[in-house]
Amino acid sequence: MTHPRDIRLLLSDVDGTLVTNDKRLTPAAVAAARDLKAAGVGLALTSSRPARGMRMLVEPLELTTPLFGFNGGLICAPDFQVLERHPIAPDMGPEVIDFLQGQGLDVWVYTEDAWCVRDPQGPHVAREAFILQFEAKVVAAFTSDLATNAFKIVGVSDDPARMAAAEAKAADALSDRVSATRSASYFLDVTHPLANKGQAVHALAHRLGLAVDEIATIGDMPNDVLMFRQAGYAIAMGNAADAVKAQADTVTASNEDDGFAKAVANLLAAAAG
């Protein structure tokens, strides 16, 4: 574990971490970002959201670092100039869609600039539109052209047993040709193998000229454990599952109790001590 005084950048998850359950940035979170900047510690974001789904965070947090959309599948500058692309391999897109549908899951497909669904009334579609602040494109079917240009393909279900089974089967059926991780209990995200939060730590370190040990990470979901394992210091949210907390160096309060801001305060206090 790296000592907090050696941390030069904090890489943060968004949903369940940086924002509240109703997707608000609290005044304390905004102030914490400014405190990081004043202390010479950078702030970067990684999320399963598309990069454009983080645009509402750039100005209030005064972000100057790359945004890792699709867990690193699409890396953009804060002005949304694309810096790096890692779409799902064209031959894998149709296979992933068939696999997820075969598991009885609703399927969403994200391309670089669109979010496509077949059922606009399907589970979590309205909520996702609220979160991303743009609407889904409704399609009759996932055509070959759409499937071969995907950056993220999501299996959606509120059935815990079905989701657990699909996640377990994905490891065998899709192997290392994609990354398949849960960004929420009801989302199984499939992306390029390099589009995962562990790889995001390395990509960010390379772009900014940092050692991975100089990066701290904060998150709440199993896909955040991938970045916990690669970075110098890991912070789990209080709302994270126990299995996620067990992989972190420390645990902060929940996202409903300004856990992000409290984690920053503790990190900076430890760095100064």
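Points to keep in mind about this one:
- Residues 111, 2, 217, 181 in ascending order of nearby Cβ atoms (within 10 Å, fewest first): 2, 111, 181, 217.
- Relative compactness, the chain, computed as alpha-carbon Rg over 2.2 N^0.38 Å: 0.96
- Fully extending the segment from residue 211 to residue 80 would add 44.7 nm, taking 0.36 nm per residue of separation and subtracting the current Cα-Cα distance.
- The range 1-89, Rg to Rh (Cα coordinates; Rh as Kirkwood inverse mean 1/r): 0.98
- Cut-off 13 Å between beta-carbons: net charge of the residues surrounding residue 56, Lys and Arg +1, Asp and Glu -1: +3
- Extension gain (nm, one decimal) between residue 229 and residue 113, 0.36 nm per residue minus Cα-Cα: 38.7 nm
- Our estimate of slack between residue 175 and residue 246, defined as 0.36 nm per intervening residue step minus the Cα-Cα distance, is 23.0 nm.
- Among 63, 83, 25: highest mean-square fluctuation, GNM of the chain, C-alpha pairs under 10 Å: 83
- 0 to 90° range, to nearest 10: angle between helix 93-102 axis and the chain longest Cα axis: 80 degrees
- Estimated FRET transfer efficiency when R0 is 51 angstrom, pair residue 161-residue 62 (beta carbons, to 0.05): 0.70
- Degrees, to the nearest 10: 27-38 long Cα axis against longest axis of the chain: 60 degrees
- For residue 253, residues with placed amide H under 5 Å, excluding near neighbours: 238, 263
- Whole-number D in µm²/s for the range 93-191 (Stokes-Einstein; Kirkwood sum over Cα pairs; 37 °C, 0.692 mPa s): 244 µm²/s
- Cβ-based exposure ranking for 110, 233, in which fewest neighbours within 10 Å come first: 233, 110
- Table column - 3J(HN,Hα) (Hz), the range 63-73, Karplus curve with 6.51, -1.76, 1.60, x for Gly and Pro: 6, 10, 9, x, 9, 9, x, 6, 6, x, x
- Take every pair of alpha-carbon atoms less than 8 Å apart whose residues are at least six positions apart; their mean separation over the length of the chain yields a relative contact order of 22 percent.
Where a number appears in this text, it was derived from the coordinates with a stated rule and is not lab data. Just so you know, these numbers come straight off a predicted model, no measurement behind them. Virtual Cβ from ideal backbone geometry, glycine too; neighbours counted across all protein chains shown.
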